[in-house]
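The values are calculated or read from the model by the stated rules, or taken from the named source; none is laboratory data. Predicted model only: the values in this text are computed from it and were never measured. All Cβ positions, even for glycine, are placed from backbone atoms using ideal geometry, and neighbour counts span all protein chains on display.
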Amino acid sequence: MSREGYSVLRASRAGPCGRNEPAPKAATSVRAGGYTDTGRKLENQDTFKIQQMKSTGDLYVSVLDGHGANGKAVAHQARDLLYEKIERAKDFASDRKTSMKQACTRTHAAIVNGSIDASLSGTTATYAVINRAVGELVIGCVGDTRAIIGRKDASGKMGVAALTRDHNCDDPREAQRVRRAGGKVEPYRSGEQLIGPNRIWNPGPVQRLPGLCVSRSIGDTFAHSLGCSAEPEIQDIVLTSRDKFLILASDGVWDGITNREAVDIVEQQRDPTRAAKALVKAGLAGMDRNHLEDNATAVVVYFN
């Protein structure tokens, strides 16, 4: 299958703030683009969204990474529901953090009570709203779809500022919450050998299900009964002239390159879609070197 896949560039073209469509002049002007690639997998369960919000004119961006047999369906439905619930939130203008937090938990509730079988399928999500009028960025995250900012220091050197932390069972805080809820946390067991990262398992001496690595997600009904959570972590950031660009990417990118490498790649680009494509290609090449297989998706937003 072609690595460009079916959805390459279309989301950024469709949105009013997509490729080669600069936002109206404001305190913070932005250019955004995205790119997704199936990689060596048979199906692309990643997706992204770039959208100018109808109610406020803010820029909305998100990256989601589905998993499980119905991961693609869950990710695509969550992509649209997240945006709709933020767009329609009555208190969004006055309390963005609360509205974005509730949008995630309500999206989870809608999916697990809907028509898709999400018992062993789900998605991660990182989503952000950029208020260009005041230069404010509010970002939410569940799972390991990571967001970073390229930020110059006082000397003018480009640095890395992490906006999210990966929610997985290797994080002691996340593992503790799962154990308190009754889930078992340990790597995959092959005989007496433990292989790979920590995962969520049903309690008992024999590993059965669900074997989920991420500790926060949308969907994953069985894992949520064992301590997985749909509650996002929300950050509110005031952008300054030192903040040059925002990167959102699925773990298919981060499994192949470091935060530092990602910033170096985007700093050398000017077009956001080309920058997103460069990130994805670098992530895929890195996964090949590490003998890993996954989809890879990135969204890049340049600030002026």
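Structure summary
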quantity	calculated
Unique match (being surrounded by fewer than 23 Cβ atoms within 10 Å (Cβ to Cβ) and either touching an Asp or Glu at 6+ places or on another chain (Cβ under 9 Å) or at pLDDT below 95 (or both)) among Ser190, Ser215	Ser190
Residue ID - modelled with the lowest pLDDT, chosen from residues in region 82-104 that are of a type in the set (Ser, Thr, Tyr) and more than 14 Å from Gln235 (Cα to Cα)	Ser94
Lone unmet requirement of (1) within 28 Å of His108 (Cβ to Cβ); (2) of a type outside the set (Asp, Glu); (3) in contact (Cβ under 8 Å) with a residue 12 or more places away in the chain for Arg208	(3)
Single residue of Asp243, Asp264, Asp251, Asp271 found to be under 29 Å from His108 (Cα atoms) and assigned by TED's automatic domain parsing to the domain that holds Ile149	Asp251
Single residue of region 257-291 satisfying the filter (of a type outside the set (A, V, I, L, M, F, W, C) and within 19 Å of Thr47 (Cβ to Cβ)) that is surrounded by the most Cβ atoms within 10 Å (Cβ to Cβ)	Gly283
All positions within region 233-279 that are farther than 17 Å from Gly34 by Cα, β-branched (Val, Ile, Thr) and outside any loop (DSSP other than H, G, I, E, B)	Ile234, Ile237, Val238
Region 261-282, residues that are over 27 Å from Leu239 (Cα atoms) and touching a Gly at 6+ places or on another chain (Cβ under 8 Å)	Ala282
Any hit, region 139-160, residues being more than 26 Å from Ile257 (Cα to Cα), among the polar types (S, T, N, Q) and either out of contact with any Leu (no Cβ under 9 Å at 6 or more places or on another chain) or in the same structural domain as Ile247 (by TED's automatic domain parsing) (or both)	no
Long-range neighbours under 6 Å by Cβ, at least six apart or interchain, first residue in the same structural domain as Gly34 (by TED's automatic domain parsing) and of a type in the set (Asp, Glu) within region 283-295, second part of a helix (DSSP H, G or I) and buried (at least 16 other Cβ atoms within 10 Å of the Cβ)	Asp294/Gly252
Any hit, region 171-190, residues being of a type in the set (S, T, N, Q) and in contact (Cβ under 8 Å) with a residue 24 or more places away in the chain	no
Tally of residues being among the small types (Gly, Ala, Ser) and within 23 Å of Val134 (Cβ to Cβ) across region 59-96	4
Failed criterion for Gly150 (all others in (1) more than 21 Å from Asp220 (Cβ to Cβ); (2) assigned to a loop (DSSP other than H, G, I, E, B) hold)	(2)
Pairs where the first residue, in region 138-160, is modelled with pLDDT of 95 or more and the second is of a type in the set (Phe, Trp, Tyr), C-beta under 6 Å, 6+ apart	Gly140/Tyr127; Arg146/Trp254; Gly150/Phe245
In region 159-187, residue surrounded by the fewest Cβ atoms within 10 Å (Cβ to Cβ) [restricted to those that are aliphatic (A, V, I, L, M) and more than 23 Å from Asp236 (Cβ to Cβ)]	Ala181
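This table checks each residue for (1) farther than 25 Å from Leu248 by Cα; (2) outside any strand (DSSP E or B); (3) not β-branched (Val, Ile, Thr).
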site: Arg165; (1), (2), (3): no, yes, yes
site: Asp170; (1), (2), (3): no, yes, yes
site: Gln176; (1), (2), (3): yes, yes, yes
site: Arg179; (1), (2), (3): yes, yes, yes
site: Glu186; (1), (2), (3): yes, no, yes
site: Leu194; (1), (2), (3): yes, no, yes
site: Asn198; (1), (2), (3): no, no, yes
